[in-house]
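Let me begin by presenting the structure, written as structure tokens, before commenting on it.
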Amino acid sequence: MVRLQYVACIALLFFFSTIGNVVAQSRGVISGNVSDQFGSLPGAKISIEGTNKVTTTDVNGSYSFDVDEGEYVLTAAFVMYTSISKTVTVKVGETATVDFILETGFSIDQPIAVGSRAKPRSSLKTTAPVDIISPQEITNASQIELSHILHYLVPSFHSTHQTIADGTDHIDPATLRGLGPDQVLVLINGKRRHNSSLLNVNGTVGRGTVGTDFNAIPISAIERIEILRDGATSQYGSDAIAGVINIILKKQTEVIQVDNRVGITTEGDGFTTYSSANFGLKIGEEGFVNVTAEYRNRESVNRAGDYTGTVYTDDAVEDERLIQENNFFSQTGYDDRRVMEIGSAETQNLALGINGEIKMSDNATFYLQGGRNYREGMSAGFYRFPKDQDRVVPELFPNGFSPQILTDIRDDVIAGGIKGIKNGWNIDFSHSIGINHLDYTVNNSNNASLGVASPRTFYAGGFEYQQNTTNLDLSKSFDWLSGVSIAFGAELRVENYQIIAGEEASYVDGGSTYFDTSGQELPRAVGAQVFPGFRPENELNRFRTNSSAYLDVETNISEKLLVKAAGRYEAYNDFGGQGIWKLSGRYIVKDDISVRAGFSTGFRAPSLHQVFFQNISTQFVNGESIQVGTFNNESAVTAEAFQIGRLKPELSTHFSAGISGKLNDKFTFAFDYYLININDRIVLSGRFAEGYETILEPFGVGAAQFFTNAIDSRTSGGDFAVAYKTILGTGELNASLGANVTSTKVKGGIKVSPSLIGQENVLFNREEIARVESSQPNYKINSGISYEFDKFRLQMMNSLFGEVEFVHPDDGDAANWVLNEFTGVVESRDQTFSPKLTTDLAVSYQFNDYVKCTIGGNNIFNVYPDEHTHSANTSDGNFVYSRRVQQFGVNGANYYLRLLLRL
């Protein structure tokens, strides 16, 4: 289906390109060059005022227009440069030359598209804070995954690799302002991006949520990124509680850019290769198509510790004899006494993207954007030892095994529409389709209940999520007061969520048994070890529809005062309707200094995943494995045994206030305070086991968990940013400093159903409360300094990550504290991980207009998070660093070589 849509859209592009080539003969030419103090500017935009003529400069910074005789005003613009306009007169048969030399500017001066449907204005003049990640910052970034680029550039954004977390090892959770991955909305060219099909159910940041797969978006296709740090559900709909990230795709047509990189950690692992190509073609006089291809391959990183537990038997002396006799550690596949792979998973990524526009008439343009991303991943789970007779078939694995989770993730999107002007109204009609599909394969494992008949590789099933969105948006500006803009529109969204069953061997109970040390016959564990397959009874195919309408009014009461009001109503077929609103304003105190404030209400609808997800998984609790059933809200177990009702939407209020300004064209600053209250947050409960054995026995599980609206939260904090630029000697110095300080608290008590009164600590225990409150850094400071002179560019980036905290669910009571073998003292397993500073350094040399080489290093001082201080948290020495809370991952220092070609 998606392939047919691609073919149809490409056919439309070529059809309209044929029409576009039938143009009137021009009678004159305007040409020229755009450059800055260091040379030509490929990809700069040149437009002719009062017309729809727009082009971009080629690799030499050159451009050209065919025009009729007359007088024209040309404007040259490039993101992070100050625009310049010039007037030129062209006569019949004449070629007029107009050159531009642009000076670098600030992001605060750049017109932005997100947050307003009126004429774009700079973030200095908006009612809410907006970060702009410029093309230069994206191009010069040392990371090769979008989520990590944002992690090291945007203080309020957080995303790191996870480990030993099933599918979450391959799709990084991403958050804004310390909230959940599902509380930030992602747009591509202003159109809603679909979520992943993966629900994070393991003990990581964002447990119980589903977010957007940022790394499915090729970075070489991105021109710039706008981040609206404000509640915006009244403008864009559900999910935009923390803010909106709008990714703008490239439109350039005159440059072919090829990027190649290789990198490796100082430990000799994590070897990474990256290659991308981006090019554009003109279609007719004013149309274009921009195409991107990207390949990324990352080998795994392993930072596991030496295993200190037993392997064959619980008798330490006898066990060591058997280890030596069987030469156990030489066959695990890891160095020294390691038995696990803990770090970044191995992934291979291939992406294709397209962005295009075709002029259909003077007042109508057809546009299209889309792409496909395919990713293969491999990660490991807990080692299954020969002593684990319930989980290991000794005839197949006499020395146990390290099970592997293989993922195949396909992410497709296609979006198209028509925009134009009718009777003075700007009209935009669009439709987009986004699909994310994830399949699991379990390798190097067994279904112990099948005994010697068990396969070693299993297809375990998967997920699919599809989102169809249709939008109609209208806007118009009026000359009332000092200017009034009115926008209104509607959206229809249809969602589909599927769970796909695995092959029978991955979940079936084969009935095999074993005899324990006391001679008792016991059943072996059912299902593929590390990830039992989805059963046929878990399969589902659910749809949901949502329709909404909004009204957005911006009024310039005076030249200094701007007031904005927005309202939206959304109606879902499963839980009803919700109305929300926003009121905000901006006042210009003096030239280039303004203050802003806003208050809004918001909501987030329960995702289809949260409503319908159900499965049985193997979870490790204090080193012991347990089969846990996740029961959805349709299940009789959830409704009858636990009396959990239907999920409700999360409702929020958002207050913000800030000031921003520019001084002497060299220095900019911005400070914003925010307060976000969220009621009825949806969480994944703890595991209920004791007292429910009879209910759970038919399902073959030892514990149950489910989704419920269990908590209210309060998030407050501030964002601070300054930027400075100046000419220093023969070069240009740019420096920036950004900081985010945030605090989230669960307020009030845990909300439980009547049947669970007294079990609040099971429903949402102290570990889960801490996951909301302190599993992400309580502050982050990003700084950057670059100096560009002659053909050299020097860049240094620093990131200071605040502390994070791991809280053990049982350690609120000192009676549950355990012996710390590191200290010989019985103490709590809670731990606070101290702030850490990482430093990135890069040196670039521009050989000519076409070739640029960079040598750089990330985390050059080889900084790691604090190690575990309590032996009980290491799982017999395996986990040197925490897998529950992370500041920046555990890769350590890595170095890279990059070759950038512009042709």
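Key figures
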| read-out | value |
| --- | --- |
| Mean projected area in nm² (Cα convex hull; one quarter of hull surface) for segment 525-624 | 12.4 |
| Spin-label pair residue 335/residue 671, simplified geometry with 7 Å Cα→Cβ offset, distance in nm | 4.8 |
| Loop GluC sites (Glu not before Pro), segment 581-648, which have at most 14 other Cβ atoms in a 10 Å radius of their Cβ (DSSP) | 634 |
| Residue 818 versus residue 726: modelled label distance in nm, points set 7 Å from Cα along the beta carbon direction | 5.8 |
| Reachable aspartates and glutamates from residue 745, criterion Cα separation under 14 angstrom, eight or more residues apart if same chain | 680, 712, 767, 768, 773, 805 |
| Spacing of the two label points (7 Å from each Cα toward its C-beta) at residue 753 and residue 659, in nm | 5.2 |
| Straight-distance crosslink candidates among aspartates and glutamates, where the alpha carbon sits under 12 Å from residue 119 and sequence neighbours closer than 8 are dropped | 554 |
| Nonlocal amide H pairs with residue 778, under 5 Å, H built at 1.01 Å | 802, 803 |
| Label point at residue 553 placed 7 Å out along Cα→Cβ; residues across segment 421-435 whose backbone nitrogen lies under 16 Å | none |
| Packing-based exposure ordering (other Cβ within 10 Å, fewest first) of 854, 75, 233 | 75, 854, 233 |
| Residue-count net charge about residue 799 - beta-carbon cut-off 12 Å; Lys, Arg +1, Asp, Glu -1 | +1 |
| Shape of segment 709-803, Cα gyration tensor, a/c cut at 1.5 | prolate |
| Footprinting exposure proxy for 431, 158 (fewest neighbouring C-beta atoms within 10 Å first) | 431, 158 |
| Extension gain from residue 492 to residue 267, taking 0.36 nm per residue of separation minus the Cα-Cα distance | 75.9 nm |
| Cα centroid separation - segment 639-695 against segment 38-89, whole Å | 45 |
| Theoretical FRET efficiency, 1/(1+(r/R0)^6), r = Cβ-Cβ of residue 82 and residue 388, R0 60 Å, to 0.05 | 0.35 |
| Förster radius 41 Å - calculated FRET efficiency between residue 640 and residue 470 (Cβ-Cβ, nearest 0.05) | 0.55 |
| Additional length obtainable on full extension of the chain from residue 323 to residue 423, 0.36 nm per residue less Cα span | 27.8 nm |
| 422, 476 arranged by Cβ crowding within 10 Å, fewest neighbours leading | 422, 476 |
| Within segment 635-674, backbone nitrogen closer than 12 Å to the virtual label 7 Å beyond the Cα of residue 599 toward Cβ | 653-656 |
| Mean residue ellipticity (222 nm) of the chain, computed from DSSP H runs ≥ 4 via -39,500 (n - 2.57), nearest 500 | -2000 deg cm²/dmol |
| Inter-part distance where segment 226-292 and segment 331-407 are each reduced to a Cα centre, Å | 22 |
| Evaluated over segment 349-427, the Cα radius of gyration and Dmax, each in Å | 26.2, 79 |
| Considering only the chain, percent of DSSP beta bridges that pair antiparallel, nearest 5 | 95 |
| Pairwise FRET efficiency - residue 866 versus residue 542, Cβ, R0 = 41 Å, nearest 0.05 | 0.40 |
| Added length on full extension, which subtracts the Cα-Cα distance from 0.36 nm per residue, residue 97 to residue 37 | 19.7 nm |
| Label selected from (1) 29.2; (2) 31.5; (3) 30.4, the criterion being Kirkwood radius over Cα pairs in Å as computed here | (1) |
| Gyration tensor (alpha-carbon) shape descriptor, segment 221-283, a/c threshold 1.5 | oblate |
| Cα-based shape type of segment 221-333, given that a ≥ b ≥ c are square roots of the gyration tensor eigenvalues and the cut on a/c is 1.5 | oblate |
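Values in this text are rule-based calculations from the coordinates and carry no lab data. Predicted model, so just to flag it, every value in this text is computed and none were measured. Note: ideal-geometry Cβ built from the backbone for every residue, glycine included; neighbour counts use all protein chains shown.
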